[in-house]
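The values are calculated or read from the model by the stated rules, or taken from the named source; none is laboratory data. Here the structure is a predicted model, which is why all the values come from computation and not from measurement. All Cβ positions, glycine included, derive from the backbone under ideal geometry; neighbour counts span all protein chains shown. In case anyone asks, the SASA skips ligands and DNA or RNA and just uses the protein heavy atoms, side chains included. Shrake-Rupley method; radii C 1.70, N 1.55, O 1.52, S 1.80 Å.
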Amino acid sequence: MNGSVEKLTLPPRRSIDWKAGRIRFIDQRLLPGKLKIVETDDWRVIAAAIKGLGLRGAPLIGVAAALAVAATAVKFRTSNPQRKVLSAIDGLYATRPTAVNLSWSLERMREVATQATEEEDFVETVVKDARKILKDDRARCRAVGGNGSRLIGDGANILTICNTGFLAAAGEGTALAAIYQAHDMGRKIHVYACETRPLLQGARLTAWELKNAGIPFTLIVDSAAAYLCAIGRVDLCIVGADRIAANGDTANKIGSYQLALAAGEHDIPYYVAAPESSIDRNCPDAGCIPIEERAPAEVATCGGRGIAPADTSTWNPAFDIVPARMISGIITEKGVHHPPFNFA
Ligand code: MRU
């Protein structure tokens, strides 16, 4: 793999792991220049990494938060672990609002932590559940990838945005897992990766993953996507999801809606790939999906350098909504859900 490798390691195509009460993860802020693996048992380090996008992608932040809760239980095994765990849950909750996977896994950890009472039993129970969330995510990624790969024919040109690979999950990812599996089956595919301004998850992370996997790809600026669709160079779009409402309305990385508009205009199928844990069955439609707005500086800079006059006013929504009617299918570990969607 590219990048200077420090002494800590992770297995191939893994962005996070758990070992003896400690979490290892790739700090994605430094990719593709440097592959730095951080090891910690401090939930605050995980919370700061989630907030700063050192750990990102809906499934991954859910898993990382659960492991951070477990690490807290282990660390404070003999000094009121339950109180420490509950305060870690609150702190982790406050990091990012849009991906439902985060609140899903933290609510699950809260339930486990409030039910287990005996100290020894408490730590073991919390760790067991967090490790199950990690393991289940890997299995889900595999199944989402398998179900998605069946939609990718030989010779397909695929358009995607953001990063939905192993850097975005505990396993191989979602939309990119489908691409990995289609490639591993020998299909000749080609990916168009949107750069994904402002934080360049496509240019920095998806391009890095695809290059390391030997999958042919072309990086484009986000604003080239509609023209690419118009001139017939895209066979299908596959993207991830941060939250899917019960009616199928889907929040994903800002720019996804533009892709869906272009795909719809040019009769190109638009698929969403996500684990079932990204479905918020309590949320009837897009109206209840909170859209994160991030710091203005992210728009006024690129790659850490200022690109706009001082004090330029900016707006920085991190996600947008693709209405259910524009989605050809939602690929999960259970199969492909077709419209009309009803996850209530
Ligand atoms: O802001 P990010 O990088 O966390 O946004 C990530 C996305 O929008 C992904 O498409 C989504 O989380 C699915 S990742 C499998």
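Couple of notes before you dig in:
- Nonlocal amide H pairs with ASP249, under 5 Å, H built at 1.01 Å: ALA286, ALA324
- Rounded to whole Hz, the Karplus (6.51, -1.76, 1.60) HN-Hα couplings of the range 194-202, x for glycine and proline: 5, 5, 6, 5, x, 9, 6, 4, x
- Shown here for the range 101-202: GluC sites (Glu not before Pro) in loop regions (DSSP other than H, G, I, E, B) with at most 12 other Cβ atoms within 10 Å, namely GLU118.
- Rolling a 1.4 angstrom probe over the chain with all protein chains present gives an accessible area of which 53% lies on carbon and sulfur atoms.
- Only protein heavy atoms count here; on that basis, with a 1.4 Å probe, HIS338 has an accessible area of about 110 Å².
- Distance from the Cα centroid of the range 236-302 to that of the range 84-131 is 26 Å (rounded to whole angstrom).
- Net charge dipole, the range 16-141: roughly 600 debye, given to the nearest 20, about the Cα centre with Cβ charges of +1 for Lys and Arg and -1 for Asp and Glu.
- The mean accessible area for residues of the range 29-104, using a 1.4 Å probe and ignoring ligands and nucleic acids, is 34 Å² per residue.
- Computed lengthening from CYS302 to LEU8, 0.36 nm per intervening residue step minus Cα-Cα distance: 102.9 nm
- Relative contact order [Cα under 8 Å, 6+ residues apart], the chain, whole percent: 16 percent
- Over 20 Å (Cα to Cα) - which of LYS132/LYS253; LYS7/LYS34; LYS19/LYS132; LYS188/LYS211 fall in this group: LYS132/LYS253
- Per residue Cα convex hull volume in Å³ - calculated over the range 2-109: 91 Å³
- Percentage relative contact order, the range 16-141, counting C-alpha pairs under 8 Å, at least six apart: 24 percent
- Calculated on the alpha-carbon coordinates, the convex hull of the chain measures out at 132 cubic angstrom per residue.
- A crude spin-label estimate for the pair ALA139 and ASN282, with each label 7 Å from Cα along the Cβ direction, gives 2.5 nm.
- Derived scalar couplings ³J(HN,Hα) [the range 91-108; Karplus, 6.51 cos²θ - 1.76 cosθ + 1.60; whole Hz; x for Gly, Pro]: x, 5, 4, 7, 7, 9, x, 7, 5, 6, 4, 5, 5, 4, 6, 6, 5, 5
- Each of PRO339, ALA207, ALA156 was scored by the projection of its Cα onto the charge dipole of the chain, and the greatest displacement toward the positive side belongs to ALA207; charges sit on the C-beta of Lys, Arg, Asp and Glu.
- Dipole of the range 232-307 [Lys/Arg +1, Asp/Glu -1 at C-beta], most positive-end residue of VAL299, ASN282, ALA251: VAL299
- Note on THR78 and LYS188: the model spin-label points, each 7 Å out from Cα along the C-beta direction, lie 6.5 nm apart.
- Pair THR312, SER223: separation of 7 Å Cα→Cβ label points (nm): 1.1 nm
- Cα-centred dipole magnitude for the chain, charges only on beta-carbon of K, R (+1) and D, E (-1), debye, nearest 20: 860 debye
- Computed helical MRE - 222 nm, the chain, DSSP H runs ≥ 4 contributing -39500 (n - 2.57), nearest 500: -11500 deg cm²/dmol
- Beta bridges assigned by DSSP with both partners in the chain are antiparallel in approximately 50 percent of cases.
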